[in-house]
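**Q** There's a structure below that I have some questions on.
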Amino acid sequence: GLLEVGGGMTALAALGLAVAATHHRAHDSTSSPSPPPQPSHVVLTDGHPDCVRNIHVCLAMNQQHGLLDCEQSPVYAQLLHWADAEAIDRVKTLGNSRSEDEGFGLVVGSDCLFFTSFHGHLLRLLERLLGAQGRGVFLQPRRAGSLEKWVCLAQAQGWDVQVLEDYLPEVRSK
């Protein structure tokens, strides 16, 4: 499955990946160099109730326009506070008809490291929700050193962290 943490008002990262996978499957585009994998399920989360309500609106609009196939790959919007162990367990079991211990194959987050007091909670959440072969991908600015602080904490706890700053030179050159 695919999980977005700190999705904000739109959960754009995971929603975009889910739409891209649905679109690719619907059009069976063989010209695409690397089709996005279809997640078994998608869970979009944020810690603010207003954001979760708006994510529900975004989901409904994407379904109405035929951009998401929630029967093939269920999509859920869920309130998630990173320090709430019960909420983390609920998220882990959403849409997962297989073993509860399997975890998510991909966890994404965008601009969600700025509150350094939550760094430890996020790492515990990842420990609980990532599958054994899972990956976390975070697109982060260097806001007041928060990225560097999170990387140091994660590495100190044994996480394999890679920071890629120029991941696609073509984008930077434009």
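The values are calculated or read from the model by the stated rules, or taken from the named source; none is laboratory data. Only a predicted model underlies this, so the values are computations on that prediction, with no experimental measurement involved. Heads up, the Cβs are rebuilt from the backbone with ideal geometry, glycines too, and the neighbour counts pull from every protein chain shown. What goes into the accessible areas is simple: the full protein's heavy atoms, side chains included, and nothing from ligands, DNA or RNA. Shrake-Rupley method; radii C 1.70, N 1.55, O 1.52, S 1.80 Å.
**Q** Nearest 0.05, what FRET efficiency do Gln157 and Phe114 give at R0 = 22 Å with Cβ-Cβ as r?
**A** Rounded to the nearest 0.05, the efficiency is 0.65.
**Q** I've got another one for you. Quick one: length gained pulling Ala20 to Arg135 fully straight, 0.36 nm per residue minus the C-alpha distance?
**A** Values: separation 115, 0.36 × 115 = 41.40 nm, distance 1.90 nm.
So the extension gain works out to 39.5 nm.
**Q** Test of understanding: in a Gaussian network model of the chain with alpha carbons linked when under 10 Å, which of Cys51, Cys152, Cys70 would top the mean-square fluctuation ranking?
**A** Ranking Cys51, Cys152, Cys70 by mean-square fluctuation puts Cys152 first.
**Q** Another question, if that's okay. Rounded to the nearest 0.05, what FRET efficiency is calculated for Ala83 and His56 with R0 set to 25 Å and r the Cβ-Cβ distance? Walk me through the intermediate numbers first.
**A** On the way: r = 23 Å, r/R0 = 0.93.
That gives a FRET efficiency of 0.60.
**Q** Rank these residues by their accessible area, most exposed first, probe 1.4 Å: His119, His48. Mind showing how you got there, number by number?
**A** Numbers: His119 10, His48 90 Å².
Ranked from most to least accessible, the order is His48, His119.
**Q** For all pairs of alpha-carbon atoms in the chain, what percent lies in each bin of width 5 Å, listed from the first bin to the last filled one?
**A** Result, from short to long distances: 1, 8, 16, 20, 20, 16, 11, 5, 2, 0 percent.
**Q** Additional query: Using per-residue counts of other Cβ atoms within 10 Å, averaged over each peptide, order 133-140, 107-114 from highest down.
**A** Numbers: 133-140: 14.6, 107-114: 20.2.
Per-residue mean Cβ counts within 10 Å order the peptides as 107-114, 133-140.
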